[in-house]
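For reference, the structure is listed below as structure tokens.
The values are calculated or read from the model by the stated rules, or taken from the named source; none is laboratory data. Note that this is a predicted model, so its numbers are computed, not measured. With ideal geometry, Cβ positions are generated from the backbone for all residues, glycine too; neighbour counts draw on all protein chains shown.
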Amino acid sequence: MAILNVTPDSFSDGGHFISVDTALKQARLMAKEGAKIIDIGGESTRPGAKAVSLQEELDRVIPILEKIRAELPLKISVDTSKSIVMREAIAAGANMINDVMALQGDGSLETVAAATQVDICLMHMQGEPRTMQTNPYYQDVVNEVKSFLLARVEACLKAGISSERIIIDPGFGFGKTIAHNLLLMQQLQVLTALDYPVLVGVSRKSLIGKVLNRPVTQRLYGGIALAVLAISKGAKIIRTHDVAATVDALTMTQAVLSTEP
């Protein structure tokens, strides 16, 4: 899953792909590099990011979604927590909704349930993006994340969303300390053992920066290491800014894991 942030303030690539032309050019490149899904985000969820109005998010997301849908034969995901953005994105051809709020927002559950061909990624987050990194606390981070995700899965099933449409994401960096993130990766098999594909998004995140003492522009190798670990522990989708390098690393990893004696 390739990240396409059409925002001015995302932590890594904010402002790079604001115009439809630059965003479409980047989408073409990521598809050529091997992306199977492009995840379009119109509102930054980095710690401390400012909220974006509904109309502004729609204006950022829908035009580029329509352009990509018309040109590129791949899966399109939209990273949003607003039910109206979800509805308009689905109408414009989105195949997946990627929600950091796990469909807890007003109308979100009903909107996705009604779109019977659209997948949903449910992510765990403690708190909300503006304040999530203010002293996050867990007694048992792995099992608390698991319990939350299973509860949201159950809510989806009750709303009529079939299990085949559901993906889960532990939410690395969302209301978690470095130790919490490391424990989640170390014990990722607790989540991948469940009946739902696990998506992992760690690309360029502060977890890598703090462990390696690297700025955001120098976190590729750390991100590759985590992606390989995640796949080896059963993750099915890796969300990344760095498509070509990640595709090579995961293809090599999968070749080893799938080779029969």
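Could you grab me the full set of residues in region 35-53 that are aliphatic (A, V, I, L, M) and closer than 15 Å to VAL6 by Cβ? ILE38, ILE40, ALA49, VAL52 - these are the residues of region 35-53 that are aliphatic (A, V, I, L, M) and closer than 15 Å to VAL6 by Cβ.
Here is a yes/no grid of residues against (1) surrounded by 14 or more Cβ atoms within 10 Å (Cβ to Cβ); (2) in contact with a helix residue (DSSP H, G or I) (Cβ under 6 Å, 6 or more places away or on another chain); (3) within 24 Å of LYS82 (Cβ to Cβ):
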| position | (1), (2), (3) |
| --- | --- |
| TYR137 | no, no, no |
| ILE167 | yes, no, yes |
| PRO170 | yes, yes, yes |
| LYS210 | no, yes, no |
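Of all the numbered requirements in (1) modelled with pLDDT under 95; (2) farther than 28 Å from ILE224 by Cα, ALA113 misses one, and that requirement is (1). The residue that is farthest from ARG87 (Cα to Cα), counting only those in region 97-135 that are among the hydroxyl-bearing types (Ser, Thr, Tyr) and touching a Pro at 6+ places or on another chain (Cβ under 9 Å), is THR134. Selection of region 65-91 for residues being assigned to a loop (DSSP other than H, G, I, E, B) and surrounded by 20 or more Cβ atoms within 10 Å (Cβ to Cβ) yields THR80, SER81, LYS82.
A quick yes/no check of all residues on (1) surrounded by fewer than 19 Cβ atoms within 10 Å (Cβ to Cβ); (2) more than 26 Å from ARG165 (Cβ to Cβ); (3) not hydroxyl-bearing (Ser, Thr, Tyr):
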| site | (1), (2), (3) |
| --- | --- |
| THR217 | yes, yes, no |
| LEU220 | yes, yes, yes |
| GLY223 | no, yes, yes |
| ILE231 | no, no, yes |
| ILE238 | no, no, yes |
| ASP242 | no, yes, yes |
| ASP248 | yes, yes, yes |
| ALA255 | yes, yes, yes |
| SER258 | yes, no, no |
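In the condition set (1) at pLDDT 95 or above; (2) within 15 Å of the chain's Cα centre (by Cα), GLU33 is compliant with all but (2). Please tell me if VAL145 is part of a strand (DSSP E or B) and either surrounded by fewer than 15 Cβ atoms within 10 Å (Cβ to Cβ) or under 17 Å from the mean Cα position of the chain (by Cα) (or both). No; evaluated as a whole, the condition is false for this residue. Take the residues in region 118-137 that are part of a loop (DSSP other than H, G, I, E, B) and at pLDDT 95 or above, then tell me which one is farthest from GLY105 (Cα to Cα). Once the filter is applied, the top-ranked residue is VAL118.
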